[in-house]
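This report concerns only the one structure given below.
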Amino acid sequence: GIEAGPTDAILTIDGSGRIEVSGGANASALGSGYGSSCGAITINGGTIIATGVDKGAGIGSGYYHSSCGDITITGGIVTATGGMNGPGIGSGYYKSSCGAITINAVSDVRVKSGSSTVCIGNGKSSNSVGDIKVTNCPHVILDNSLGLGYFSPNPKDISGSNFFDEDGSNVTDKITVQ
């Protein structure tokens, strides 16, 4: 995986290239590893395919007391898949955390949960995730065929966004906003 540096760092991805990354043992694909912490993650462009393995998030924190800073996605094409018990975007399994998750004005977002968890937010048995906002995104696919729901906690704002399940059905009206 790609570790997002120390807690005071910001990993920024810009441009039109392609990054395809998988997490290592109990680590997120893009974020922190097992029992470690990382800084903020900002994605402004490119094609990003991030697949968590074991108990890490696709984008966010790894397993076991791991943490990451804020996650901000404002461009590109993003596909994030959680590992076992990890969300596509958010905090990994067991007492892990991450900051706020903001996805704004991204044309194509695909997020798949790991088993027994949600697509965006807290992984299984995780402690905390900051505010979740997914705004002005015309096409967000939330594949929760193995998990427990779309978000945890419920998002603060989904204005201007449309959400679809893995079968293509519009599920925007099924999402509860805090």
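The values are calculated or read from the model by the stated rules, or taken from the named source; none is laboratory data. Since the model is a prediction, treat every value here as computed from it, not as a measurement. Neighbour counts are summed over all protein chains in view; Cβ atoms, including those assigned to glycine, are modelled from backbone coordinates with ideal geometry. Areas reflect the complete protein model, heavy atoms only, side chains present, ligands, DNA and RNA absent. Shrake-Rupley method; radii C 1.70, N 1.55, O 1.52, S 1.80 Å.
Numbers for the structure displayed
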{"item": "Structure-derived percent of Cα pairs over 22 Å apart: which label, when the choices are (1) 31; (2) 41; (3) 63", "result": "(1)"}
{"item": "Portion, in percent, of the accessible area of segment 72-178 that falls on carbon or sulfur, probe 1.4 Å", "result": "45 percent"}
{"item": "Dipole of segment 38-178, positive direction: furthest Cα of Asn144, Gly56, Gly160, with charges on the beta-carbon", "result": "Gly56"}
{"item": "Dipole magnitude of segment 92-153, debye to nearest 20 (Cβ charges: Lys/Arg +1, Asp/Glu -1, about Cα centre)", "result": "160 debye"}
{"item": "Hits among aspartates and glutamates - C-alpha to C-alpha of Lys174 under 15 Å, sequence gap 8 or more where chains match", "result": "Asp143, Asp157, Asp165, Glu166"}
{"item": "Amide H contacts of Gly149 (H built 1.01 Å from N, under 5 Å, at least 5 apart or other chain)", "result": "Cys119"}
{"item": "Stretch gain in nm, segment Ser128-Ile19, where the contour uses 0.36 nm per residue and the Cα spacing is subtracted", "result": "36.5 nm"}
{"item": "Amide proton proximity set for Ile73, modelled H, under 5 Å, gap of 5+", "result": "Ile43, Thr102, Ile103, Asn104"}
{"item": "Per residue accessible area of segment 84-178, 1.4 Å probe, in Å²", "result": "40 Å²"}
{"item": "All lysines inside 26 Å of Lys95 as judged from Cα atoms, apart from same-chain residues fewer than 8 positions distant", "result": "Lys55, Lys112, Lys124, Lys133, Lys156"}
{"item": "For segment 14-76 versus segment 87-118, the gap between their alpha-carbon centres in whole angstrom", "result": "9 Å"}
{"item": "Segment Asp165-Ala100, extension gain: residue separation times 0.36 nm, minus the distance between their alpha carbons", "result": "21.1 nm"}
{"item": "Förster radius 22 Å - calculated FRET efficiency between Asp157 and Thr12 (Cβ-Cβ, nearest 0.05)", "result": "0.45"}
